[in-house]
Amino acid sequence: MLRVERRWVENTLPDFELLDAVAIAYGRLVELLSDAHCQMGLEAMSTLDASTGQRLDEGGRGGRLPCMVGHADRRSLHFSLTTGEPVELEQKREKFDLKSAKQAAERYEMKAGDFGPEGGE
């Protein structure tokens, strides 16, 4: 598989993709304004999803909007080296459970203890 990624870089910020740099600057401004609100005794700022009305937690985003986090994959394309055709990748999060680990251990001829507590259920 070949991964091709677009990278837009400004000469004065060679270590950052330009959209990431803008997102970081936006996040810092939001943090500054949020701190100012708190110091003035006002309600802390939060992000509101206009389509659902849900308030989004700032946890781990550094003040950035959700669309400004983890967008490197949208700047990438993957191609099969054998056919040259584009390949769609799917990310899937699975909760760890010992039963699945044991099935994987059998499939790949590994010890189940490598995936969790020794002999535990």
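The values are calculated or read from the model by the stated rules, or taken from the named source; none is laboratory data. Being a predicted model, the structure only gives us computed values, none of them experimental. These area figures cover heavy atoms from the full protein model, side chains too; ligands, DNA and RNA do not enter into them. Shrake-Rupley method; radii C 1.70, N 1.55, O 1.52, S 1.80 Å.
Okay, here's what the table says:
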quantity: Contour excess over end-to-end distance, with Cα ends at ASP15 and GLU88 and 0.36 nm allotted per residue; calculated: 23.5 nm
quantity: Exposure ranking of ARG75, ARG55 by accessible area [1.4 Å probe, largest first]; calculated: ARG55, ARG75
